[in-house]
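Enquirer: Structure below; questions to follow.
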Amino acid sequence: MARRSLENLRTERDSSVTEPRASNDLWGGRYAEGPSAIMREINASIGFDRKMWRQDISGSLAHAKMLAHVGIISAEDEAAIREGLAAIGKDIEEGRFPFSESLEDIHMNIEARLTERIGEAGKRLHTGRSRNDQVALDVRLWVRDAIDGLDAQIAAVMREMVARAAEHAGTVMPGFTHLQPAQPTTFGHHLLAYVEMLSRDRGRLADCRKRLNESPLGAAALCGTGFPIDRHMTAKALGFDGPTRNSLDSVASRDFAAEFLFACAMCATHLSRLAEEIVIWTNPYFGFIKLSDAFTTGSSIMPQKRNPDAAELVRGKTGRITGSLVGLLTVMKGLALTYFKDMQEDKEGIFDAAESLTLGLAAIGGMVRDMQPQVERLAEAAGAGFSTATDLADWLVRELRFPFRDAHHVTGRLVALAEQKGVDLAGLTLEDMQFVEPRIHQGVFDVLTVQASVASRTSYGGTAPANVARMAREWQEKLG
């Protein structure tokens, strides 16, 4: 909202309301007057919860069918409700639905419009339920749909990564710890690390979906209802595994939403780590990859610039998603049972996190497909920083039967000597090496190239190109 005084807000809101202010139909006969402009502003959620209109209509259709089935409403009323909701859904889809802030939320907007269309039958729809269980249902349905969409999108990004990993199974590059040269690895192996991370993200979302897949519909305001409703019927109709087992918990809990936000935040964190690497790799001082115009931007003043803004924005949006998680946990931490209006604050964070993650996944998938690894530069960098030192130490253990700690010490002395001479380890002569350790022989040079280094890492999960190619094939089979 733009900065303006509360008095200005009151004036603006009062002048824009055309509905009568003498009474409040929404809350019934208890309230003789309508809310103030400020109350309407803070109380209304229709500006954002309209996103749940499909879920709200689905829940109402299932509820109406159940009410008719058990004899609470007539078959004629159920048919009228069904036809009316279908027409409302079409109006919303086509942008012709008159959303009203005075009706607060998507639930009352749809119900009020339904009553306008079909009369008394529309007033019977809310029998045996409350907005408390209605909103809990709609949020679960929305999150479930979001999980299904994100799962498919994550799988698509994984396929992009696996395809590039298979292409570059043997493309050597430096592996880092502390962002310092550590050991040579391959570009394909590096990408498959993110495939593993995203696979776990899919698992977390699947676990979240399984836990949330219980229907709160019929819990009513907080204690259930005296009407002979069939909660198992509505749960089955809406694709749930069954109804929730405690009416208080049904309307009071948003742990499923927090779990969803954590899964989103964790996935976004993984994307952010790759985005950070893309920012580093495209820097000319590294020069590991190039991105095309499709995923970079220029500068308004520096014509030479090619900025990896897509990667930077993926990294930045991670903060928004994590913020949504922290926000919901903070909202819920002080709430006694059962429902409080504070819980209205759950939705914007959920919506924003899902949309931000969707955009981040699309950007990362596009950049993975677009990036051009600079093979020669990667190979050159792979040998920098004495990255084959561990291979030398391993050779001393394997060939000369050194205890590893002694081999580590000897290798350290050889690194210091190479640094003094301004060469890499392979640039030392045999005489140089024998000056430090007389038993070293010509065979040591077989392990000092980056190609030999990566080829030797044959342990399961290791970076040997044959391993990487095999793992890429396995992922291709899993992902289809």
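Enquirer: Residues of the stretch 385-448: accessible area per residue at 1.4 Å, in Å²?
Expert: 55
Enquirer: Quick check: at a probe of 1.4 Å, how many percent of the accessible area of the chain sits on carbon and sulfur atoms?
Expert: Its accessible area is 53 percent carbon and sulfur atoms.
Enquirer: Run down the lysines and flag those whose C-alpha is under 20 Å from the C-alpha of Lys290, throwing out any fewer than 8 positions away in its chain.
Expert: Those lysines meeting the cut-off are Lys305.
Enquirer: Step through the residues of the stretch 351-356 one at a time and calculate ³J(HN,Hα) from phi using the Karplus curve (6.51 cos²θ - 1.76 cosθ + 1.60, θ = phi - 60°), rounding each to whole Hz and writing x for Gly and Pro.
Expert: Result, rounded to whole Hz: 4, 5, 5, 5, 5, 5.
Enquirer: Explain nothing, just compute: Karplus ³J(HN,Hα) = 6.51 cos²θ - 1.76 cosθ + 1.60, θ = phi - 60°, for every residue of the stretch 390-405 in order, whole Hz, x for Gly and Pro.
Expert: 5, 5, 5, 4, 4, 4, 4, 5, 6, 8, 10, 6, 5, x, 4, 5
Enquirer: Please list 3J(HN,Hα) in residue order for the stretch 131-148, calculated via the Karplus relation 6.51 cos²θ - 1.76 cosθ + 1.60 where θ = phi - 60°; whole Hz, with x for glycine and proline.
Expert: The phi angles translate into 5, 5, 7, 5, 5, 4, 5, 4, 5, 4, 5, 5, 5, 4, 5, 5, 4, 4 Hz.
Enquirer: So, R0 is 22 Å and r is the distance between the beta-carbons of Ala86 and Glu116; what FRET efficiency does that work out to, to 0.05?
Expert: Rounded to the nearest 0.05, the efficiency is 0.90.
Enquirer: So with the 1.4 Å probe, I'd like the accessible area per residue for the stretch 37-127, rounded to whole Å².
Expert: 44
Enquirer: Using a cut-off of 20 Å between alpha-carbon atoms, which aspartates and glutamates can reach Lys478, once sequence neighbours fewer than 8 places away in the same chain are excluded?
Expert: Asp148, Asp151, Glu160, Glu167, Glu196, Asp201, Asp207
Enquirer: Here's something else I'd like to know. Please give, to one decimal in nm, the separation of the simple spin-label points placed at Glu477 and Phe340, each 7 Å out from Cα toward the Cβ.
Expert: Between Glu477 and Phe340, the label points sit 5.3 nm apart.
Enquirer: Please list, ordered by chain and number, the residues whose modelled amide H lies under 5 Å from the amide H of Met173; skip anything fewer than 5 residues away on the same chain.
Expert: Thr185, Thr186, Phe187
Enquirer: A further question follows. Calculate, for Ile38 and Leu179, the FRET efficiency according to 1/(1 + (r/R0)^6) with r their C-beta to C-beta distance and R0 51 Å; round to the nearest 0.05.
Expert: Calculated value: 0.50.
Enquirer: Sticking with the crude label model, points 7 Å out along Cα→Cβ, report the distance from Glu94 to Lys333 in nm, one decimal please.
Expert: 4.9
Enquirer: Let me ask another. Can you spot the lysines whose alpha carbon is less than 28 Å from Lys90's alpha carbon? Ignore those fewer than 8 places along the same chain.
Expert: Partners found: Lys51, Lys65, Lys123, Lys236, Lys347.
The values are calculated or read from the model by the stated rules, or taken from the named source; none is laboratory data. Everything quoted here is computed from the prediction, not taken from an experiment. Here the Cβ is made from the backbone with ideal geometry for all residues, glycine too, and neighbour counts use every protein chain on show. Surface areas here come from the heavy atoms of the whole protein model, side chains and all, with no ligands, DNA or RNA. Shrake-Rupley method; radii C 1.70, N 1.55, O 1.52, S 1.80 Å.
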